[in-house]
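Chemist: Handing you a structure now.
The values are calculated or read from the model by the stated rules, or taken from the named source; none is laboratory data. In this text the structure is predicted, and so the values were computed from the model without any measurement. Because the Cβ atoms are built from the backbone with ideal geometry, glycine has one as well, and the counts that use them run over all protein chains shown. These area figures cover heavy atoms from the full protein model, side chains too; ligands, DNA and RNA do not enter into them. Shrake-Rupley method; radii C 1.70, N 1.55, O 1.52, S 1.80 Å.
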Amino acid sequence: MTAGPQDQILNRRELASALLAALEKRHEVLDAIVDSDDHEAAVAAVSGLLATSPANAAVVLALQLGRLTRLERDRLSDEIANLDATLKWLPEQRPAATGEGFRLRPFSTSDADTALFAKRSAEQFDESGEPWSADRVEAERAEGLRRVDDESAAWFVCEDVSGGEPVSVGLVFGELTGHEVNIAVWVAPESRKKGYGLAALKESRTELAAYFPGTTVVVRAPAGR
């Protein structure tokens, strides 16, 4: 499952930021590690302390003492600045891209999910350039749910839960074809340009790896929205 250039840069920036924060909070990090019962608990503690992913926290735990220097802090600061210069947009401009307060849940037959699918389908056009008819929308939904039941597809609703109450902001469609999983990410118009697409792509990698192990993911829609 490969990431796009923007995704790769953001991932590296998040890791560099976590390492820099760990150096700046080295005493708190050390206390969190020493107070943990085991490695898994230490990863969770450092992840919470630095507000970073468990994967980045694991890298922090693997830091060698020889890297806890001012020179290393300066190097990481320079790396972050260089990465920022190559980004099309910064995380603070699209805060949802970090994945904080974001989740995927399986698409259901509920009225809310049906309405969300209809909203997405309003942007789809048939071979003659006409918008999908109501019958076409329902047929596509029913056929998609059949594929989900047959385990040849996995559909998800993107939700922002940062405010406590879940807000649906988009959809992810994973369709199995041979040894490939085609992913389409759709973000609702009012939720675009906030980073939800990238967050959905990141989260869907984990989800689809569990649904379809040993496959290659192919992205069919821009994720950096």
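Chemist: Per-residue HN-Hα couplings for the stretch 55-71, Karplus 6.51 cos²θ - 1.76 cosθ + 1.60 at θ = phi - 60°, whole Hz, x for Gly and Pro?
Modeler: Whole-Hz 3J(HN,Hα) from phi for the stretch 55-71: 4, 5, 4, 5, 5, 4, 5, 8, 4, 7, 4, x, 9, 7, 10, 5, 4.
Chemist: OK, next. On the accessible surface of the chain, probed at 1.4 Å, how many percent belong to carbon and sulfur atoms?
Modeler: Accessible surface attributable to carbon and sulfur in the chain totals 53 percent.
Chemist: Select from 132, 52, 163 the residue farthest towards the positive end of the dipole of the chain; place +1 on Cβ of Lys and Arg, -1 on Cβ of Asp and Glu, and compute about the Cα centre.
Modeler: The residue sitting most towards the positive pole is 52.
Chemist: To the nearest whole percent, what portion of all C-alpha pairs in the stretch 113-213 is separated by more than 23 angstrom?
Modeler: Here the tail beyond 23 Å accounts for 30 percent of pairs.
Chemist: Scan (i) 73, 47, 30; (ii) 55, 35, 29; (iii) 64, 39, 37 for the value of Cα extents along the principal axes in Å calculated from this model and give just the label.
Modeler: After the calculation, the listed value that fits is (iii).
Chemist: Separate question: Add -39500 (n - 2.57) for each DSSP H run of 4 or more in the chain, then divide by its residues: what number comes out at 222 nm, to the nearest 500 deg cm²/dmol?
Modeler: -15500 deg cm²/dmol
Chemist: Relative to the Cα centre, what is the charge dipole magnitude of the stretch 105-191, using +1 at the beta carbon of each Lys and Arg, -1 at the beta carbon of each Asp and Glu, and rounding to the nearest 20 debye?
Modeler: 140
Chemist: Roughly how compact is the stretch 11-50, stated as its Cα Rg over 2.2 N^0.38 Å to two decimals?
Modeler: 1.14
Chemist: Same structure, new question: Can you give the charge dipole size of the chain about its Cα centre, rounded to the nearest 20 debye, using +1 on the beta carbon of Lys and Arg and -1 on the beta carbon of Asp and Glu?
Modeler: Its charge dipole is roughly 780 debye.
Chemist: If I take R0 = 22 Å and measure r between the Cβ atoms of residue 109 and residue 44 in this structure, what FRET efficiency does the formula 1/(1 + (r/R0)^6) give, to the nearest 0.05?
Modeler: After rounding to 0.05, the efficiency reads 0.05.
Chemist: What order, most packed first, do the peptides 64-75, 186-197 have when packing is the mean number of other Cβ atoms within 10 Å of each residue?
Modeler: The most tightly packed comes first, giving 186-197, 64-75.
Chemist: Given 32, 22, 43, which one lies farthest toward the positive end of the charge dipole of the chain, if we put +1 on the Cβ of every Lys and Arg and -1 on the Cβ of every Asp and Glu?
Modeler: In the chain, that residue is 22.
Chemist: What share of the DSSP beta bridges in the chain is antiparallel, in percent to the nearest 5?
Modeler: 85
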